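Q: Please read through the structure below; I'll follow up with questions.
The values are calculated or read from the model by the stated rules, or taken from the named source; none is laboratory data. Just so it is clear, the structure is predicted and the values come from calculations on it, not from any experiment. So basically every Cβ, Gly included, is an ideal-geometry build from the backbone, and we count neighbours across all protein chains shown.
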Amino acid sequence: MGPLLFLLYINDLPHALLYKATPILFADDTNLIITGKNTSSLQEDINVMFGQISQWFQDNCLSLNISETNFMQFSNKASNYNDLNITYENTSITTVKETKFVELNINNTLSWTTHIDKIIPKLCSACFAVRSVRPFVSQQMLRMIYFSYFHSIMSYGMIFWGHSSYSVQVFRLQKRIIRIMTASRSAVSCRSLFINLKILPLPSLYIFFLLRFVIKNEDLFSTNIDIHKIQTRHCYDLHIPPTNSRKYQTAVFYMCIKLYNSLPSYIKAESNNSMTFLSILHTFLSENSFYLIGTVL
């Protein structure tokens, strides 16, 4: 069966899950997300979900590849929980603490250490490649090599891990490659080098990606006036959902709102025109070359 026919064949799988499961299908990779207030309710929901999955497989003459099936239980670092025993047709499903999802390496605490550890060797190789070719090519060519071999790896999925405390390791490597490209000594500050090369430092790039997400997905956000219908000074700012969770406050949705609301008014005024907004935003970030996200907030 070819890829297209396979996708058509499994296209109705999400409709078979009628009980608290959020399916995510990407090519031939299927992920199911289930949430629960406690271990017992989570175990019950998983059992119901597997019953529905089993019925769908029988109806479509398919079988589950147990060896390629894993289970991951997400939690906060400080949480104590009992490992769930997940079985399918009397066969235990392997519990893992980290996995790869669409080339993002995810661990069960969402600390992003695993992903950063995976990309650092690739970024180091890019630094070595730039150092090797620097005597033979122009700075314009070095800049092209940077975006091809370093930026493409560093920027992938940054909206998820860019606020992690471990991202500083990637930022150090970005500074290293900038110094290599400009033949600068290690003691030289990179801020002016970033500006001259028109390359955004990691924190600025993270801000750009988040705000681009806001502009491209406006339907996911509400303004304050949508919530309380009162004309106030900040009524057209994005509404900040109340939460005490530090994990949520550093996640994509919350950070998008905080950063957008902190923008200068002349940038927010262009939010109806995405191209103009992103152009002005990029210029603003390039000229300021922010090293800390808190500088914008």
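Q: Condition first: of a type in the set (S, T, N, Q), outside any loop (DSSP other than H, G, I, E, B) and surrounded by fewer than 17 Cβ atoms within 10 Å (Cβ to Cβ). Can you find one or more residues in region 71-84 that meet it?
A: No, there is no match, as no residue in region 71-84 is of a type in the set (S, T, N, Q), outside any loop (DSSP other than H, G, I, E, B) and surrounded by fewer than 17 Cβ atoms within 10 Å (Cβ to Cβ).
Q: Restricting to region 183-194, count the residues that are surrounded by 18 or more Cβ atoms within 10 Å (Cβ to Cβ) and either in contact (Cβ under 8 Å) with a residue 40 or more places away in the chain or not in a helix (DSSP H, G or I) (or both).
A: 2
Q: Filter region 233-245 down to the residues that are touching a residue at least 24 places away in the same chain (Cβ under 8 Å), within 24 Å of the chain's Cα centre (by Cα) and part of a loop (DSSP other than H, G, I, E, B) and list them by number.
A: Within region 233-245, just D237 meets the criteria.
Condition check ((1) at pLDDT 95 or above; (2) over 26 Å from the mean Cα position of the chain (by Cα); (3) crowded, with 16+ Cβ neighbours inside 10 Å) across all residues:
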{"site": "I106", "(1), (2), (3)": "no, no, yes"}
{"site": "S111", "(1), (2), (3)": "no, no, yes"}
{"site": "I116", "(1), (2), (3)": "yes, no, yes"}
{"site": "I120", "(1), (2), (3)": "yes, no, yes"}
{"site": "M141", "(1), (2), (3)": "yes, yes, no"}
{"site": "Y156", "(1), (2), (3)": "yes, no, no"}
{"site": "I178", "(1), (2), (3)": "yes, no, yes"}
{"site": "I199", "(1), (2), (3)": "yes, no, yes"}
{"site": "L202", "(1), (2), (3)": "yes, no, yes"}
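Q: Look at region 142-182 and say how many of its residues are assigned to a helix (DSSP H, G or I) and in contact with a helix residue (DSSP H, G or I) (Cβ under 8 Å, 6 or more places away or on another chain).
A: Looking only at that region, the number is 26.
Q: Check off (1) part of a loop (DSSP other than H, G, I, E, B); (2) within 30 Å of S152 (Cβ to Cβ) for T99 and give me the number that stays unchecked.
A: So the condition that T99 fails would be (1).
Q: When you look at I230, is it assigned to a loop (DSSP other than H, G, I, E, B) and either β-branched (V, I, T) or surrounded by 19 or more Cβ atoms within 10 Å (Cβ to Cβ) (or both), yes or no?
A: yes
Q: Next question. Condition first: β-branched (V, I, T) and under 14 Å from L292 (Cβ atoms). Now tell me which residues in region 194-226 satisfy that.
A: I207
Q: Continuing with this model, one more query. Any residue in region 60-69 that is among the β-branched types (V, I, T), under 26 Å from N38 (Cα atoms), at pLDDT 90 or above and not assigned by TED's automatic domain parsing to the domain that holds Y291?
A: no
Q: Only residues in region 41-56 that are under 15 Å from I10 (Cβ atoms) count as the first member; pair them with residues that are in a helix (DSSP H, G or I) and of a type outside the set (G, A, S), Cβ under 7 angstrom, at least 6 apart or cross-chain, and list the lot.
A: W56/L13
Q: Where residues in region 10-24 are out of contact with any strand residue (DSSP E or B) (no Cβ under 8 Å at 6 or more places or on another chain) and modelled with pLDDT under 80, which of them is surrounded by the fewest Cβ atoms within 10 Å (Cβ to Cβ)?
A: Of everything passing the filter in region 10-24, L18 is surrounded by the fewest Cβ atoms within 10 Å (Cβ to Cβ).
Q: Taking region 86-141 only, how many residues are of a type in the set (K, R) and under 29 Å from E44 (Cα atoms)?
A: Here the count works out to 2.
Q: Sticking with this one: Quick test for you: out of I215, I225, pick the one residue that is without any contact (Cβ under 8 Å) to a residue 12 or more places away in the chain and surrounded by 15 or more Cβ atoms within 10 Å (Cβ to Cβ).
A: So the residue among I215, I225 that is without any contact (Cβ under 8 Å) to a residue 12 or more places away in the chain and surrounded by 15 or more Cβ atoms within 10 Å (Cβ to Cβ) is I225.
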